[in-house]
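Heads up: the structure comes next, in structure tokens.
The values are calculated or read from the model by the stated rules, or taken from the named source; none is laboratory data. In this text, all values refer to a predicted model and were calculated from it rather than measured experimentally. Backbone-built Cβ (ideal geometry, glycine too); neighbour counts: all protein chains shown. Note: accessible area is taken over every heavy atom of the protein model, side chains too, but ligands, DNA and RNA are not part of it. Shrake-Rupley method; radii C 1.70, N 1.55, O 1.52, S 1.80 Å.
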Amino acid sequence: MTYKNIIIGMMTLVALAGAAAAQDTTLTLSVKEAEDYALDHNRTLQNATLDVRKAEAVKWQTLGTMLPQVKAGFDYSNFCGYEMEMRMGLAGITIPMNPYGTVSLTASVALTGGQIVGTMMSNLSKQMSDITLRQTEQSTRKNVQSVYLSILVMEKTISLLDSSLTNLQSLQKTAQNAVNAGASEQVDADQIAIQVNSMKNNINSSKRSLELLYNSLILQLGAAPNTRLVLTGTLDNILDIGNTKALMAEQFDINRNYSYQLLKKSEELSKKQVLMAWMNYLPTLSAYYQYSAKTYFGKDEGMNMTPPNMVGASISLPIFSSGVNAAKVREAKINYRETMNTVANTEDALMVQERQLRYNLVSALENYQNQSENIDVSQRVFRNILNKYKVGMASSLDVTNSSNNLITAQSNYIQAIMQLVNARIELEDLLNLQR
């Protein structure tokens, strides 16, 4: 094999590898699999995870300020041959100023009440980040569920419209044949043709909306833009009327709600800020130990007045701050009272929201059942009118009216499905049910 053939072969392999990499990735997902995939790849959720790690780092930074701090140092000095002379009358001595170096090691620790409270507050911040992470996971699942369902609903819509279009096209052909045979007027066939075109427009619009929903789901999943999605879930499984009815019997425990948990942590944090303001009245304690080793580099030892070991301690007590510290305490107390009021208002609001969401779910379930019956009736009426038109017992106006009624019934049915599932998702989120 020649070098030319080897090079061509390598280029071919590279091209094939690039083509394989460029192929679309296919994901086949149920609702649960889609949620789990999003939890692993959604970037918003990844940022929430990073926030937890960042809060942990901040906590250790605060804790570290209460622990001993150790520093080492080395310095070198050279007097460039200078000698210090000391005279007493006619007599005198000369002291050489030899180069020297000093190695030092200093350990120090300072402790204030603010550091202790700050550590407590940073621990609360870490807990709040953990709750926010779980809340983001819940929101991600909710968004994936909602978009996944919307896709199935839109596909159901297109299927219903396609079925109606097939019937109208068959009727249009019959009407045109009747016109060609002289048994009917062209205006009758034209009216049905208008209905056919209108149905086609609705289908095309629905398909564009479906494409938009698929793209939205890809973003929610955190998948690559060229990913092809295959959804294995069905509307019947997602609706699950039995579980939806059972949901209304679930009790509401406000302490399981993530928004309420965050607010309670904020209340604790506000209370700690009051304590932090009081810490300004407490003394600051500090202590240190220093070791120094001084070495002369000349042949004669110079004067070494640096002690090798030294320890020290101090206490600082604030006496007068012109009312600044007292004002900080008052401000912190006011903020704490405001937070307590917010918590109380939120408790009431969540209780009212719980009753409203239960009412919404009951109403949505009733509406879904009614619209399911309506669409069955509308489909039967539409088929009956078509059959009558074929034998001359119904006019094109009857066909148009029944077609419009069917489209309206289909639209109401789809909206009822969306309302039912969204009402269920909202109540599940409020109750924070573990699935």
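Here Met84 clears all of (1) over 21 Å from Ser270 (Cα atoms); (2) hydrophobic (A, V, I, L, M, F, W, C); (3) open to solvent by 70 Å² or more (accessible area, probe 1.4 Å) except the condition numbered (3).
Got a sec? Which of Ile158, Ile131, Ile192 is under 23 Å from Asp236 (Cα atoms), touching a residue at least 12 places away in the same chain (Cβ under 8 Å) and assigned to a helix (DSSP H, G or I)?
Ile158
The rows are residues; the columns are (1) in a helix (DSSP H, G or I); (2) among the basic types (Lys, Arg); (3) at pLDDT 90 or above; (4) open to solvent by less than 60 Å² (accessible area, probe 1.4 Å).
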residue	(1), (2), (3), (4)
Ala364	yes, no, yes, yes
Gln371	yes, no, yes, yes
Arg380	yes, yes, no, no
Arg383	yes, yes, no, no
Tyr389	yes, no, no, yes
Leu406	yes, no, no, yes
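The single condition among (1) outside any loop (DSSP other than H, G, I, E, B); (2) under 29 Å from Arg43 (Cβ atoms); (3) open to solvent by less than 20 Å² (accessible area, probe 1.4 Å) that Leu212 does not meet is (3). Answer yes or no: is there a residue in the stretch 97-113 that is crowded, with 16+ Cβ neighbours inside 10 Å, part of a helix (DSSP H, G or I), at negative phi and touching a strand residue (DSSP E or B) at 6+ places or on another chain (Cβ under 9 Å). Checking the stretch 97-113: at least one residue is crowded, with 16+ Cβ neighbours inside 10 Å, part of a helix (DSSP H, G or I), at negative phi and touching a strand residue (DSSP E or B) at 6+ places or on another chain (Cβ under 9 Å). Restricting to the stretch 21-64, name every residue that is more than 25 Å from Ser122 (Cα to Cα), acidic (Asp, Glu), assigned to a helix (DSSP H, G or I) and open to solvent by 30 Å² or more (accessible area, probe 1.4 Å). Those that are more than 25 Å from Ser122 (Cα to Cα), acidic (Asp, Glu), assigned to a helix (DSSP H, G or I) and open to solvent by 30 Å² or more (accessible area, probe 1.4 Å): Glu33, Asp36, Asp40.
In the set (1) crowded, with 17+ Cβ neighbours inside 10 Å; (2) farther than 30 Å from Leu50 by Cα; (3) touching a residue at least 40 places away in the same chain (Cβ under 8 Å); (4) touching a helix residue (DSSP H, G or I) at 6+ places or on another chain (Cβ under 7 Å), Gln172 fails one condition alone, (3). The criterion of being closer than 27 Å to Lys272 by Cα, surrounded by 12 or more Cβ atoms within 10 Å (Cβ to Cβ) and of a type outside the set (Val, Ile, Thr) does not hold for Leu67. Annotation note: Cβ proximity below 7 Å between a residue of the stretch 100-117 that is within 19 Å of Ile315 (Cα to Cα) and touching a residue at least 12 places away in the same chain (Cβ under 8 Å) and a residue that is among the charged types (D, E, K, R) and open to solvent by less than 30 Å² (accessible area, probe 1.4 Å) (sequence gap 6+ or interchain) occurs for no pair.
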